[in-house]
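The values are calculated or read from the model by the stated rules, or taken from the named source; none is laboratory data. It should be emphasised that the depicted structure is a prediction, and the values quoted were computed from it without experimental measurement. Virtual Cβ from ideal backbone geometry, glycine too; neighbours counted across all protein chains shown. In case anyone asks, the SASA skips ligands and DNA or RNA and just uses the protein heavy atoms, side chains included. Shrake-Rupley method; radii C 1.70, N 1.55, O 1.52, S 1.80 Å.
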Amino acid sequence: MNNRLNIAKTDAAAYKAMLGLITYLQNISLSHTWQELIKIRASQINGCAHCLDLHTRDAVKLGETPQRIYLLNAWREALELYSVEEQVILAMTEEITLINKKGLSEDTYNKAKELFTEQQIAEIIMTVIIINSYNRIGISTLMPISRN
């Protein structure tokens, strides 16, 4: 598959604004490992090969285990591999990514309030929103996967 267009070149101002969101993510309290789990899970749901390739590689660099990455799509059947916090983060990721189904449920939000501060909840929500935006860029422009 060939890349349709390069948004970073074609609409540099818009892409620069998107890069500002990446800068935001680099400076939040949410761990980079948790951010990568969010990015991988949302990218699995959306089917973005470019983002899956990028973020699974990033997760491995951060020390994430292949087993946890392989089973992320079925995390509810492998709960012993994911902390309670990660389970809530993954539920939030799925519910926000699949916003057309029902959105972030009261049950999941209340579980998040028991485990996280409001700031952390905001950071989780923003991380999900940002990767969903990048997934849409990757899929609509047919961004290629890495060949190395």
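Taking Cα centre as origin and charging only the Cβ of basic (Lys, Arg, +1) and acidic (Asp, Glu, -1) residues, the dipole magnitude of the range 9-102 rounds to 300 debye.
For K111, go through the aspartates and glutamates and keep the ones whose alpha-carbon is under 14 Å away, minus same-chain ones fewer than eight residues off. Candidates past the 8-residue exclusion: E85, E86, E95.
Here the alpha carbons of the chain define both size measures, Rg and Dmax, at 15.3, 46 Å.
Computed from the Cβ-Cβ distance with R0 of 30 Å, the FRET efficiency linking L81 to A13 stands at 0.10. In the chain, the calculated helix contribution to ellipticity at 222 nm averages -21000 deg cm²/dmol per residue, counting -39,500 (n - 2.57) for every DSSP H run with n ≥ 4.
Remark: relative contact order (the chain) = 38 percent; criterion is Cα-Cα distance under 8 angstrom and separation of 6 or more residues.
Taking other residues whose beta carbon is less than 13 angstrom from the beta carbon of I45, and scoring Lys, Arg as +1 and Asp, Glu as -1, yields +2.
Placing unit charges on each Cβ (+1 for Lys and Arg, -1 for Asp and Glu) gives the chain a dipole about its Cα centre, and among L81, N148, I45 the Cα reaching farthest toward its positive end belongs to N148. In the context of the full set of protein chains, the range 38-87 has a per residue accessible area of 52 Å² (1.4 Å probe). The gain in end-to-end length when the I139 to E118 segment is fully stretched comes to 4.4 nm, 0.36 nm per residue minus the alpha carbon separation. For the chain, carbon and sulfur atoms together expose 56% of the accessible surface, with a 1.4 angstrom probe and every protein chain in place.
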